[in-house]
Amino acid sequence: MKLNKPRKKLNTKMYSYIFMPVIILTSSVLLYNCEENEDDFEINHGVDYSDLENWVSIPTVTESVDVFYVYPTVSSNTSGAMDITDAGERDLAIGIFKAQASVYESNANVFAPYYRQMSTKVDMSGGGLATDTKEFKQAAVDVQDAFDYYIKNFNNNRPFIIAGHSQGTMALIELVKKRFGDNAELRNRLVAAYLIGYTVTDADLSRAGLTAAQNATDIGVVVTYNTQSITSTGGPMLMDGANCINPLNWRTDNVYAESSENLGAVFFNDETGEFIREVEHYCGAKINAEKGALTTTIPEGENLKIGPYNEGVYHRFDYAMWYRNLEKNVGDRITAYYGNE
């Protein structure tokens, strides 16, 4: 498909990255509950998504279903927002694309924009909600603009999946609330939304006209969970009212899925973006219904680097631990979508 302003072909080579999970603030309650009132925010539609350079990935279309993927927090720009023209920051986004979006590539065409995300250096000295900062609001607007451009110029009426992690999921929550709630045509073409690594509430779903996934093959639904140890007190991504599904048995109750149901955890090097190892039957999983958390016990002797989180918050491994099950599920939901046509 020809772009309005083609400059040059994207370089899709995967570069090194340093994975930086979503920003930690002083309290989990500071991270959510975005208000619709944007009177104090001057919207800047400053990213030209007709320019190839503003996309991490514009694939050759070979599959019948697309994925619109939004990467998590990778930027530590001191301005408080990612500079999407900076080569180093772009490399970080490309790296995490390799680690996460590869889950979808065997079944779908994966499109992914650069966006001016809120960096880990955002100024929160005045308190308040991260989603009320101008940096996050701008990030969410960029994602909405990119999605609008993707639907109009790239999608060609194909069914699609939306997917993200951490801040990417935060931005996608705003997207589905603003674009899907009053648009039945979009909802009907949605295979599923993999909104992983952040709290998705019933109120969010209601606003978007969507429901939470209940099994492995329901379609037009939201797949969401936050991974932590059984003993963890949780991190700032997990808040009251979080929906959760178990990616091993695709249940929403507290039935334990044995590690034998784990088709393979796939780990990448956070600094290089390169594959490290794949471990079949890595760990099991069970939902803690009271917390809305996906809980697990990792193998004895494992020393996972969880970053600046409380004990047992496996946020950065939300994709890695369940990688092959997620990959299979994408294919299963696509099959189910076409079976329901």
The stretch 85-180: relative contact order from alpha carbon pairs under 8 Å, six or more residues apart, as a whole percent, is 23 percent
Dividing the mean separation of Cα pairs under 8 Å (6+ apart) by the residue count of the stretch 185-341 yields a relative contact order in percent of 27 percent
Expected unfolding gain across Thr297-Asn157 under the 0.36 nm per residue rule, minus the alpha-carbon gap, is 46.2 nm
Using alpha carbon centers only, the stretch 240-285 is separated from the stretch 143-170 by a whole-angstrom value of 25 Å
Using alpha-carbon coordinates alone, the radius of gyration and Dmax of the chain in Å work out to 18.5, 54
Expected sort for 140-150, 232-242, 202-212 on mean C-beta neighbours within 10 Å, highest first, is 140-150, 232-242, 202-212
Yeah, the stretch 167-317 with a ≥ b ≥ c from its alpha-carbon gyration tensor (a/c under 1.5 is rounded, else prolate when a/b outruns b/c, oblate otherwise) is prolate
The chain: relative contact order from alpha carbon pairs under 8 Å, six or more residues apart, as a whole percent, is 18 percent
With 0.36 nm assigned to each residue of separation and the Cα-Cα distance removed, Ser106 to Val255 gains 50.7 nm
Once Thr335 and Asn288 are pulled to full extension, the length gained, defined as 0.36 nm per residue separation minus their Cα-Cα distance, is 13.9 nm
Output ordering of 47-60, 296-309 (per-residue mean of other Cβ within 10 Å, highest first) is 47-60, 296-309
For the table Lys98/Lys152; Lys98/Lys177; Lys98/Lys305; Lys178/Lys286; Lys305/Lys328, the rows whose alpha-carbon distance is greater than 30 Å are Lys178/Lys286
In deg cm²/dmol, rounded to the nearest 500, the helical mean residue ellipticity at 222 nm of the chain, built from -39500 (n - 2.57) for every DSSP H run of length 4 or more, is -7000 deg cm²/dmol
Amide H proximity to Ser229 below 5 Å, modelled H, separation 5+ or other chain, gives Thr296, Val313, Tyr314
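All of the numbers you see were taken from the coordinates with simple rules; none came from a lab. The structure presented is a predicted model; accordingly, all values stated were derived computationally and were not measured. Virtual Cβ from ideal backbone geometry, glycine too; neighbours counted across all protein chains shown.
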